[in-house]
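Worksheet: the structure to be examined is printed underneath.
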Amino acid sequence: MCGIIAYIGSRTAEPLLLEGLKRLEYRGYDSAGVAILDGDSLQVARAVGRIIELEDRLGEIGGMGGTLGIGHTRWATHGGVTEANCHPHRDDANGIAVVHNGIIENYAALRTYLVGKGHAFSSETDTEVLAMLIGELYEGDLEESVKAALREVTGAYAIAVICAREPDTLVVARKGSPLMVGVGNGEYVVGSDASAIIAHTTQAFPLDDYNVVRITREGFRTSTIDDAPVTPQVMQLEFDLEQIELGAFSHFMLKEIFEQPKVLRTTLRGRIDHNEGRVVLGGLTSFAKELVKARRFILTAQGTALHAAMIGEYLLEDLAKISAEVEYGSEFRYRNPIIEDRTVVVGVSQSGETADTLCALIEAKDRGAMSLGVVNVVGSTMARETDAGVYLRVGPEIGVASTKAFTGQVTVLTMLALYMARRRFMSPDVCARCLKQLDAIPDKIERVLESDGHVREVTERYVGRDNWLFLGRGYNYPTALEGALKLKEISYIHAEGMPAAEMKHGPIALIDEGMPVVFIANQGRQYNKVLSNIAETRSRGGHVIAVATEGDTEITKVAQEVLYIPECEEYLSPLLAVVPLQLMAFHAAVLRGHDVDKPRNLAKSVTVE
Ligand code: G6P
């Protein structure tokens, strides 16, 4: 949720750190800071707000020399958004500076101990405690003091540490919060995700929990906090710079909405065997026998991924006839859940790092469940912790409001349901027909995107309204939830999503003259029931914005506004219906003058519980 960048090499660190921070800014944008060693002089600059504020601050002081440094962009957990709470935090006695992602859970006890030792704190953060602890334990070897400090810590961390007494050494470590080391030519770039590294090298290795890496310009050495040697696997990063740059688009969110046809083709590529009428999911091969015997699926996720998981529940029950349910990871974990024999738990996540989801997966595994990951980020913690999985392949998602990851998750879950169905009972012919329909979805999304101008006009008419409802039934009940979430997240308009039928059990009281009520009213089993709910809304003065199937003229008689999507099978309709809702949220945020890609208070990836 915060971003870390660190550099050691022969180039001037400052511009490199700033560029890395800008690429990481989507992970946290409350405040930012850098610490750079110029010889044995430790220089620190920090500023509240966006990276640009930090750049200005550096400009005022005339910039910094030095080829070793650390940087951080913060999403506040402990302590408010103030300069004193910005990273890097320091132990001035030894010239130590630390940047940290995660939460040190026993920081209060450690702080009391350190105050007893005479340390004076200038921030409210858990990270400053860590900096002081490393300083307190420092006996001339930074790596040793970092390890000694981490042995005292409970909680999660990814850290990068420098020390003025060792101007040629960078020490980084991880437990529970991602960090990777990019290996360049005589230089190393460390980042909390690959987007900070990719401009400099495509060779990198992720740290495992409890790993500590000592990096000098000559090389690196990895070991555990208990000094056991570790041999990391350097891998090739599979994406390029273009994927994390805006190109012709004004915002990452818009770019990612428009990218959906292209990336979903990649999600599907090589996974559909039309001749044999089957789905080929390489990541499940070693697990296929156990999967087929599964009696129950539990899908666990948070946020947008939870809405995708809900669609997954419908798909698994409807297509594969397997009992399935969806759980918020955060609730599942602490509920003393019952895991029966032959239960498969599926973690659905863009980042693969969401702490609530990860903890639920681990809990279920400990209770004997088989585990699958439906994850986007390759090599992420969830991808590594699960028994098997299927990657989304939608490329890096930078916009904080998730869009292409949602359609990627639903596409993968559709393939998973068809994979299960085919292995259990579905004939090759029926499966082939379904796969043909799925394969046609990217083209149909392209058609939906052509109506962007119309979506904008409709949004403009209602953007002044402060309360919205999103209603749908069956497969599109989760779509309604996602539509409401998107609008809330980036335009700060109050919106609620719910099953269309539920409206009359209470929320109907909210409807007053002109209230925008978005109905997902595509053709399907419950179309007529949705029409009844529309009538109930209209008679209370609500203004209906309907997402409907092309060719439906009936709907124009009852809805004030209609956003059309191409005709498709009901089980695939969320993949189309969500697109105008994504666009609507985007336009609402722009029209209200908000920073679409960095919505207030939100973090892209929430790595704390
Ligand atoms: C955060 C983000 C949401 C996201 C959720 C789950 O809350 O702000 O946009 O849907 O985490 O993220 P994941 O990476 O697990 O899909």
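Search the structure for amide H atoms under 5 Å from the amide H of E550, placed 1.01 Å from N in the peptide plane, and list their residues when 5 or more places away or on another chain.
Those lying under 5 Å, H to H, from E550 are I565, E567.
Can you give the Kirkwood hydrodynamic radius of the range 274-383 from its Cα pairs, in Å with one decimal?
After inverting the pairwise mean of 1/r, the radius is 14.1 Å.
How about the range 328-359: which GluC sites (Glu not before Pro) there lie in a loop by DSSP and see at most 12 other Cβ atoms within 10 Å?
E340
Using Cα pairs under 8 angstrom and six or more residues apart, how large is the relative contact order of the chain, in percent?
12
Counting only helical runs of four or more DSSP H residues, what would the 222 nm mean residue ellipticity of the chain come to if each run contributes -39,500 (n - 2.57) and the total is spread over all its residues?
So the calculated ellipticity at 222 nm is -10500 deg cm²/dmol.
Using the crude model of +1 on Lys and Arg Cβ and -1 on Asp and Glu Cβ, and no other charge, please compute the dipole size for the range 286-421 relative to its Cα centre, in debye to 20.
Dipole about the Cα centre, nearest 20: 320 debye.
Rounded to whole Å and sorted largest first, what semi-axes of the equivalent ellipsoid does the C-alpha gyration tensor of the range 104-233 yield via the square root of 5 times each eigenvalue?
They are 26, 15, 14 Å, listed from largest to smallest.
Given a cut-off of under 8 Å on Cα pairs at least six residues apart, what relative contact order in percent is computed for the range 1-42?
43 percent.
Could you work out how far helix 303-318 tilts from the main Cα principal axis of the chain, as a 0 to 90 degree angle to the nearest 10?
That works out to roughly 40 degrees.
Calculate how large, on average over all directions, the projected area of the Cα convex hull of the range 159-244 is; give the answer in nm² to one decimal.
About 5.8 nm², averaged over all directions.
How would M132, M515, M1 line up from fewest to most surrounding beta-carbon atoms within 10 angstrom?
Ranking M132, M515, M1 by Cβ neighbours within 10 Å, fewest first, gives M515, M1, M132.
Tell me, what is the FRET efficiency for L591 and T556 to the nearest 0.05, using R0 = 22 angstrom and their Cβ-Cβ distance as r?
E(calc), rounded to 0.05, equals 0.35.
Give me the percent of DSSP beta bridges within the range 247-439 that run antiparallel, rounded to the nearest 5.
In the range 247-439, approximately 10 percent of DSSP beta bridges are antiparallel ones.
Provide the net charge surrounding Y107, with neighbours chosen by a C-beta distance below 12 Å and charges set as Lys +1, Arg +1, Asp -1, Glu -1.
Residues close to Y107 contribute a combined charge of -4.
Work out the FRET efficiency for A228 and R269 from their Cβ-Cβ distance, taking R0 = 35 Å, and round it to the nearest 0.05.
Efficiency for this residue pair is about 0.30.
Set the Förster radius R0 to 30 Å, insert the Cβ-Cβ distance between V430 and K262 as r into 1/(1 + (r/R0)^6), and round the FRET efficiency to 0.05.
0.60
Within the range 263-364, which chymotrypsin sites (Phe, Trp or Tyr not before Pro) sit in a loop by DSSP and count at most 15 neighbouring Cβ atoms inside 10 Å?
Answer by residue number: Y334.
Give the residue list of chymotrypsin sites (Phe, Trp or Tyr not before Pro) in the range 99-145 that are DSSP loop and have at most 15 other beta-carbon atoms within 10 angstrom.
Filter output for the range 99-145: F121.
For F519, F249, F425, what ranking results if the residue with the fewest other Cβ atoms within 10 Å of its Cβ goes first?
With the sparsest Cβ surroundings first, the list reads F425, F249, F519.
Hey, for a label at S122 modelled as a point 7 Å past Cα toward Cβ, could you say which residues of the range 38-58 have their backbone N under 15 Å away?
42-48
What whole-number volume per residue, in cubic angstrom, does the convex hull of the C-alpha atoms of the chain give?
Here the figure is 156 Å³ per residue.
What's the exposure ranking of V377, V230, going from fewest to most Cβ atoms within 10 Å?
V230, V377
What residue among A432, A309, A294 has its Cα farthest toward the positive end of the dipole of the range 247-439, where the charges are +1 on Lys, Arg and -1 on Asp, Glu, each on the Cβ?
A432
Within the range 247-439, what is the number of lysine pairs with alpha carbons under 30 Å apart, leaving out pairs fewer than eight places apart on the same chain?
Pairs that pass both the separation and distance tests number 15.
Please state the Cα pair-distance histogram of the range 247-439 with 10 angstrom bins from zero: what percent is in each bin?
10, 38, 36, 14, 2, 0
Assuming 0.890 mPa s and 25 °C, estimate D for the range 453-609 with Stokes-Einstein, Rh taken as the Kirkwood radius over Cα pairs, in µm²/s.
Translational diffusion coefficient: 157 µm²/s.
How big is the range 1-152 in terms of Cα radius of gyration and Dmax, in angstroms?
For the range 1-152, the Cα radius of gyration and maximum Cα-Cα distance read 14.7, 41 Å.
Compute the helix-to-body angle for 476-491: its Cα long axis versus the longest principal axis of the chain, expressed 0 to 90° and rounded to tens.
50
What percent antiparallel are the DSSP beta bridges of the chain, to the nearest 5?
Antiparallel bridges: around 60 percent, rounded to the nearest 5.
Bear in mind that the values in this text are calculations on the coordinates, not laboratory data. In this text the structure is predicted, and so the values were computed from the model without any measurement. Reconstructed Cβ throughout: ideal geometry from the backbone, glycine too, with neighbour counts over all protein chains shown.
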